[in-house]
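For reference, the structure discussed in these notes is given below.
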Amino acid sequence: MKIAPSILSCDFSRLADEIAAAESGGADWIHVDVMDGHFVPNITIGPVITAGARRATTLPLDVHLMIESPDRYLEAFADAGADLLTVHVEACRHLHRTIERIRELGVRPGVAVNPATPLEAVREVLPSLDLLVIMSVNPGFGGQSYIPATFDKLRRARALLDAMGSHAELEVDGGVDVKNAAKVLATGATVLVAGSAVYGHPEGAAAGVRALRHAGTS
Ligand code: DX5
Ligand code: ZN
């Protein structure tokens, strides 16, 4: 099990400290939520802040692009230090080409699937992926509630990946907390993204990561 705290919910006046806190709690990746105000109704992080996050940690940066026409910015986020770059299937006209481009840039490619999008939409590209992200909220904001239908979708995603012998990580993004972590992992998910559960923890982000790991392993 990997935990990828989303810095979307951190205190950006203390970005480096907030990333260090998650790292000291045992975070595996740092999740960077990029939003453009078009694909989703919110504007957040761009390449400049991503590069700042890069300087704050040696952990892999898991960059989630919630943007229209992501091809325009792949190089910028690769240069900013992304280790994994995830695009949305709903935002890509030529998804296969986009995935190839990410790999050419020396970055591990991921694809995210919105709650209303069937898994069938990504079936053909699964063999090319290092990461499949199943959205368990409608993207745009942190702190939303986990959509229960995601459990079944995750189980079906696990079966598809296993059937093709894929070693891609299966990440779940949105509304993951100590109450649902064990059930989410039981579906075969391998990476938990958590924003508010980590950065909203009353004892800080390190405690938030530890609590999530404890919940996921007990
Ligand atoms: C949703 C983002 C998520 C989200 C995670 O648009 O992609 O990464 O912010 O935050 P929580 O864990 O608070 O749902
Ligand atoms: Zn995300």
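Numerical summary
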item: 20 °C / 1.002 mPa s Stokes-Einstein diffusion coefficient of the stretch 101-147, Kirkwood radius on C-alpha pairs, µm²/s; result: 178
item: For the stretch 2-45: rounded, prolate or oblate by the Cα gyration tensor [a/c cutoff 1.5]; result: oblate
item: Residue-level accessible surface for Arg14, protein heavy atoms, 1.4 Å, Å²; result: 100
item: Three-way shape label, the stretch 66-174, alpha-carbon gyration tensor, a/c 1.5; result: oblate
item: Cα-centred dipole magnitude for the chain, charges only on beta-carbon of K, R (+1) and D, E (-1), debye, nearest 20; result: 420
item: Probe 1.4 Å, all protein chains present, accessible-area order of Lys179, Lys2, Lys153, largest first; result: Lys179, Lys2, Lys153
item: Alpha-carbon radius of gyration plus Dmax, which is the widest Cα pair, for the chain in Å; result: 15.7, 45
item: Probe 1.4 Å - accessible area at Phe12, Å² to nearest ten; result: 90
item: Gaussian network model of the chain, Cα within-10 Å springs - most flexible of Arg155, Arg54, Arg72; result: Arg72
item: Total charge dipole magnitude, the stretch 132-194, about the Cα centre, Cβ charges on Lys, Arg, Asp, Glu only, Debye to nearest 20; result: 200
item: Carbon/sulfur fraction of accessible area - the chain, other protein chains in place, 1.4 Å, %; result: 51
item: Accessible-area ranking of Thr44, Thr217, Thr86, largest first, probe 1.4 Å; result: Thr217, Thr44, Thr86
item: Solvent-accessible heavy-atom area per residue, rounded to whole Å², over the stretch 178-218 at 1.4 Å; result: 44
item: Neighbourhood net charge (12 Å Cβ-Cβ; Lys/Arg +1, Asp/Glu -1) for Asp162; result: +3
item: Residue among Leu61, Leu154, Gly142 farthest towards the positive dipole end of the chain, charges placed on Cβ; result: Leu154
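The values are calculated or read from the model by the stated rules, or taken from the named source; none is laboratory data. Remember, predicted model here, so these are calculated numbers, not experimental data. As a convention, Cβ positions derive from the backbone with ideal geometry for all residues, glycine included, and neighbour counts pool all protein chains shown. The area values use the complete protein model at the heavy-atom level, side chains included, leaving out ligands, DNA and RNA. Shrake-Rupley method; radii C 1.70, N 1.55, O 1.52, S 1.80 Å.
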